[in-house]
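The values are calculated or read from the model by the stated rules, or taken from the named source; none is laboratory data. It should be emphasised that the depicted structure is a prediction, and the values quoted were computed from it without experimental measurement. Cβ: placed from backbone, ideal geometry, glycine included. Neighbour counts: every protein chain shown.
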Amino acid sequence: MEQLETARLQELLIRNKKRLDRIVLDFLPAWHDSAEITNLYEMMRDYPSRGGKGLRGSMCILWCNLLEGKDESALITSSALELFQNWILIHDDIEDQSDLRRGLPALHKKVGIELAINAGDALHGKMWELLLRNQEKLGSDLTIKILQEFASMLNATTEGQQMELAWTSTNKWDIKEEDYFLMVAKKSAWYTCISPARLGILIATLQKKQFEIVKSENLMKEAIEFGTQLGISFQIIDDVLNLMGEETKYGKEIMGDLFEGKRTVMLIHLLSHSDSAQKRKITDILSKPREKKELGEVKYILDCMHNSGSIDYAKGLSRKLSKKAISMFDDMISRYHISKGESYLVTKSLMEYLSSRDY
């Protein structure tokens, strides 16, 4: 992206994030007569107060704008997408035994696993409660369709998480690239790219009586196709940044995926290009519990990835998938005669940013 486009996109993300944060934090409870419940509220507000980029909420708003819908119609849903990410991350950090989230100790590291799980559960419940507020502006029929989309997104996300957790718990290393693609499509692409786009389409089109239902349904189906490509590209870059990013910018532990034994494109590529001895050494290291892995062992694997070209391969694959997604997007814009005005330019810029960011 050109520097001017990048600056405009960053301004938009910051502006949207502030609006969504205000809705979320005004909605979440802050105080109760019971000290224990007040403490729960503090934990619920922890991750939502840590910042972040608001990519998913902005994606929903932009897709609504793209089809001539108004920001105000999408704000509740976009805020709920941010809540979804926060409660999912609380549970994800526990399951992955992560140390950091957005530059600070993961919630379970601060308060313990039991309390963190409960805080995540509480945020999950508040997400559905917030979504029900859509009835006031959007009506019951559209609100139900939005709830159904969130249910589909949650189903896909937990199925992807199941795949990844099963690989770790059973010490499975014979993972193929297509296995990784399916896992990431489920775990990351749905809630990062697919559902935000589909929700924006829903909100914009179903409020217009003149908009053809069949056209809306076709747009929603196509969002799955290019959103999958874009979401996988996004996750590959996230995996690369986990190995090579700046911790102060990235907000999570660098090389954390290696300490956690995550199956990534880089690791799949490395293992497929290793002889039996090297492959056994790498998998023996990664199979150790996190607390028994030594920094030198993890750095050895990272060096092997560099030497085998695994990281460059992953970057190239991400670019290829991103280009395919954007080409599909442009084709869709042309076929449905969607305006190539400001909303189109900003939406496309966000799609390009997802696979070119450095944090």
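State whether one or more residues within segment 35-55 are more than 27 Å from Ser140 (Cβ to Cβ), of a type outside the set (Asp, Glu), in a helix (DSSP H, G or I) and touching a strand residue (DSSP E or B) at 6+ places or on another chain (Cβ under 8 Å).
Yes; the residues of segment 35-55 include at least one that is more than 27 Å from Ser140 (Cβ to Cβ), of a type outside the set (Asp, Glu), in a helix (DSSP H, G or I) and touching a strand residue (DSSP E or B) at 6+ places or on another chain (Cβ under 8 Å).
Out of Lys145, Lys187, which single residue is on the phi < 0 side of the Ramachandran plot, touching a residue at least 60 places away in the same chain (Cβ under 8 Å) and either among the basic types (Lys, Arg) or not in a helix (DSSP H, G or I) (or both)?
Lys145
Determine which member of the set Ile88, Ile76 is assigned to a helix (DSSP H, G or I), crowded, with 18+ Cβ neighbours inside 10 Å, touching a Lys or Arg at 6+ places or on another chain (Cβ under 8 Å) and of a type outside the set (D, E, K, R).
Ile76
Please verify whether segment 42-53 includes one or more residues that are over 23 Å from Ala223 (Cβ atoms), touching a residue at least 12 places away in the same chain (Cβ under 8 Å) and of a type in the set (A, V, I, L, M, F, W, C).
yes
Residues that are under 30 Å from Ile201 (Cβ atoms): find the helices (runs of 4 or more DSSP H) completely inside segment 246-359 holding 1 or more of those.
Qualifying helices (runs of 4 or more DSSP H): 265-272, 310-335, 342-354.
Being more than 17 Å from the chain's Cα centre (by Cα) and either free of Cβ contacts under 8 Å to residues at least 24 places away in the same chain or assigned to a helix (DSSP H, G or I) (or both) is the filter here, so list the residues in segment 173-184 that pass it.
Residues satisfying the conditions are Asp174, Glu177, Glu178, Asp179.
Go through the residues of segment 259-272 one by one and say whether even a single one is surrounded by 17 or more Cβ atoms within 10 Å (Cβ to Cβ), at pLDDT 95 or above and out of contact with any Asp or Glu (no Cβ under 9 Å at 6 or more places or on another chain).
yes
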